[in-house]
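Only one structure is covered here, and it is reproduced in the block below.
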Amino acid sequence: MFFDPETWVAVAFVILMVVFGYLGVFKSAITALDHRAARIKAELDDAARLKLEAAKVLADYKARSATAEREAADIIANAKAEAERIAADAKAKMEDFVARRTKTAESKIALAEAQALADVRAAAAEAAVQAASTILSQSVKGQVADDLLAKGINEVRQKLN
């Protein structure tokens with residue numbers, strides 16, 4: 001048993017552990033491990049805190065994005081409504097303008113027709129007076145003819161004008 005290598009390895013291991021215990025290696029190793037565990041725990045706590053902050057920032061940005069999208073949709077809806085209103089106003093103004101121009105044109109046409117009719121009547125009256133004057137002057141002679149001619153011309157002028 002004393003000649004087995006496993007026995008000597010076990011004895012050397014026990015001696016080594018006693019020396020480590022006497023020198024305080026275990027305490028320093030445990031202290032180092034405790035410090036490392038505390039540092040890892042602090043890092044995990046910081047990571048958890050940063051994760052919560054990031055989640056809050058993300059939620060804030062999502063809320064802002066949703067608000068901005070709603071505002072953009074409202075702006076677009078208002079712009080469409082304004083464009084439709086402007087188009088309706090322009091259409092109404094155009095229809096009013098066309099109606100006024102049509103009435104003006106119709107008035108001018110009616111006035112031109114009335115003027116043309118008056119010109120035709122005046123020309124017809126003048127032609128009738130000339131014709132009557134010529135016929136009466138050829139058929140009737142003397143003072144009676146002159147009186148009849150003047151009276152006839154006056155009557156024709158009054159009736160035709």
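The values are calculated or read from the model by the stated rules, or taken from the named source; none is laboratory data. Please read all numbers here as calculations on a predicted model, not as lab measurements. Every residue, glycine among them, receives a Cβ derived from its backbone with ideal geometry; neighbour counts consider all protein chains shown.
Couple of notes before you dig in:
- The set of residues in the range 1-22 being hydroxyl-bearing (Ser, Thr, Tyr) and surrounded by fewer than 10 Cβ atoms within 10 Å (Cβ to Cβ) consists of 22 alone.
- Of the residues 94, 17, the single one that is modelled with pLDDT of 95 or more and assigned to a helix (DSSP H, G or I) is 94.
- Residue 67 fulfils the conditions (1) of a type in the set (Ser, Thr, Tyr); (2) loosely packed, with under 10 Cβ neighbours inside 10 Å; (3) modelled with pLDDT of 95 or more except for a single criterion, (2).
- Number of the condition not met by residue 57 [criteria: (1) modelled with pLDDT of 95 or more; (2) loosely packed, with under 10 Cβ neighbours inside 10 Å]: (2)
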